[in-house]
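A short reminder: the numbers here are calculations on the coordinates, not readings from a lab. The structure presented is a predicted model; accordingly, all values stated were derived computationally and were not measured. We place every Cβ from the backbone using ideal geometry, glycine too, and count neighbours over all the protein chains shown.
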Amino acid sequence: MSNTLLAQADTAQAAPTTETTASTEQAGSSGNPTAIFGLHGSLFIAQLINFSIVIFVLSRWVFKPLLKAMDDRKTKIELGLKEAKEAKEKLLTAESTKKTVVREAHVVAKDIIEKAKTRAEEEHEKRIQASKKIIEDRLNDAKARAEREMLETKRSAMSQISELVVTAAEKVANGAIDAKAHRQLISDAIAELEQTSS
């Protein structure tokens with residue numbers, strides 16, 4: 001059954017094709033150019049008007065906004081690319097500047113550290129020298145004081161010895177002292193001298 005239906009559909013399609021071919025051949029033989037291309041005058045004009053209306057509507061309300069949107073999009077993309085390029089250049093410049101600044105900072109920091117070490121060493125040396133001078137001055141003062149005290153002690157001892165000698169001489173001069181009394185007098189003077197020195 002389906003084969004029969006297919007055969008009928010094929011014959012129905014084939015029939016108009018033969019009719020159109022026949023009408024085209026008749027028109028072609030008559031020499032009319034519109035007939036050669038299968039154009040009918042009134043139908044062609046209507047199609048031309050319809051096509052013009054569609055082109056007008058499309059250009060007016062579809063193509064213009066679409067072209068404007070595409071131009072705007074193109075401008076935004078170009079602007080975005082330009083800004084991205086500028087940002088990349090700025091980033092490269094910033095990285096280069098950063099490296100330069102860091103390098104300079106390292107040099108400056110190293111210089112500051114070296115100066116600080118040198119200054120600290122100089123200050124340390126100055127303090128050592130000042131301490132040595134203070135110690136030396138105190139030592140010299142102590143030596144001078146010890147020498148003065150020794151001189152003072154010697155003078156005092158000499159003074160006491162002279163007084164004892166004078167006293168002993170007076171005693172000897174006042175009376176005759178025998179050897180035993182003379183020794184006793186010297187022993188007493190030495191004992192008195194030892195008591196005054198301690």
Answer with one residue from ALA146, THR93, VAL166: the one whose Cα lies farthest towards the positive end of the charge dipole of region 32-197, charges on Cβ with Lys, Arg +1 and Asp, Glu -1. THR93
Can you pull the Rg over Rh of region 35-88, Cα-only, Kirkwood? 1.46
Among the lysines, which fall within straight-line cross-link reach of LYS98, defined as a Cα-Cα distance under 27 Å, with same-chain neighbours fewer than 8 residues apart omitted? LYS82, LYS85, LYS88, LYS90, LYS110, LYS115
